[in-house]
1. Suppose we filter region 194-216 for residues that are surrounded by 15 or more Cβ atoms within 10 Å (Cβ to Cβ) and more than 25 Å from GLN246 (Cβ to Cβ); how many remain?
2. Do you know which residues across region 56-82 are under 21 Å from the mean Cα position of the chain (by Cα) and in a loop (DSSP other than H, G, I, E, B)?
3. Which pairs do you get when a residue that is surrounded by 11 or more Cβ atoms within 10 Å (Cβ to Cβ), found in region 54-74, comes within reach of a residue that is small (Gly, Ala, Ser) and in a helix (DSSP H, G or I), reach meaning Cβ atoms under 8 angstrom, with the pair 6+ apart or on two chains?
4. MET155 versus (1) among the hydrophobic types (A, V, I, L, M, F, W, C); (2) modelled with pLDDT under 85; (3) surrounded by 20 or more Cβ atoms within 10 Å (Cβ to Cβ); (4) under 29 Å from GLN76 (Cα atoms): which is the lone unmet condition?
5. Scan region 250-258 and give yes if some residue there is in contact (Cβ under 8 Å) with a residue 12 or more places away in the chain, closer than 23 Å to GLN196 by Cβ and in contact with an Asp or Glu (Cβ under 7 Å, 6 or more places away or on another chain), otherwise no.
6. Consider only pairs whose beta carbons are under 7 Å apart and that are at least six residues apart or on different chains; among these, list those whose first residue lies in region 83-100 and is outside any helix (DSSP H, G or I) and whose second residue is surrounded by fewer than 16 Cβ atoms within 10 Å (Cβ to Cβ).
Amino acid sequence: MFEQEENDLYTKIAQLPRSASLRKVNDLIKRARLAKVHALLLDYFYKRMPTFFGHAKEQERMIHELPSIYQEISVQKGIPFGDFPDPRMMQKILTPMDFCTFKPVDPEKLQAVEALLAVDLPKLLQLIPEEQVRYGIEEAAVAQIVGMASPFAVMKVEGNTEQSVYKGQWQRPPTVEQFQADFDGLHPVDGKINAQQAKQKMVESHLPSNVLHRIWSLADVDKDGFLTLAEYALAMHLVHMKLDGQDLPITLPQEMLPEEFK
């Protein structure tokens, strides 16, 4: 186990020149999406506070019903449910606050965030590989992982690492029938399960929450906050891909797209 951890560490060190920029941009994307959700939440609270009386009672009601408010905003605004912060944490943060001090969302600023997420950041992600090639950035030559392929080395044939050598085997649509029984066990309504139902199954993988957030974002192809059988199969396929040690794609490749979305 320690040797495997050591190999994983050396592999990550060797991949730092290529992964650091992507990681920073992905962190920026995550923060921008969270800021957008927070702005929409504050706008929601602002618009529903009474004008004259009953402020405290209405505020208490909205804090108590925060999970259902998440669901409402998710459906109305087309935001993946995984973008929302933990409702229990938010309920603790919101309790001492005065909702009467909240301000409505600024349409221009919200539009700027939308443009950042939809146009600017995707363009930036596309520039990173080209820039690395232009400046000749390559994987670091770490002594423990270079040399000929062997059953004990991290490096594999033709320079692929254990993180990438089998990645091609996963870049395909999942076999939907394989996940039918699990999906039915979650009691779908109108052929779909909601975010909480999916979460019950996905957390069994024991993957970190930020990884599961990314998997949800990739699998919820139509961004409606629910998963069909095909989307659920894709989510579990990505879970198994990550458990196999593979890096998740930044965006869902066309070859992994479920048939119903092609």
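The values are calculated or read from the model by the stated rules, or taken from the named source; none is laboratory data. As the structure is a prediction and not an experimental result, all values here were calculated from the model. When we count neighbours, we look across all protein chains shown, and the Cβ atoms used for this are built from the backbone with ideal geometry, even at glycine.
1. 2
2. Scanning region 56-82 gives GLY78, ILE79, PRO80.
3. That search, which allows pairs on different chains as well, returns GLN71/ALA195; SER74/ALA195.
4. Status for MET155: all satisfied but (4).
5. yes
6. If the second residue must be surrounded by fewer than 16 Cβ atoms within 10 Å (Cβ to Cβ), the pairs left are PRO85/LEU34.
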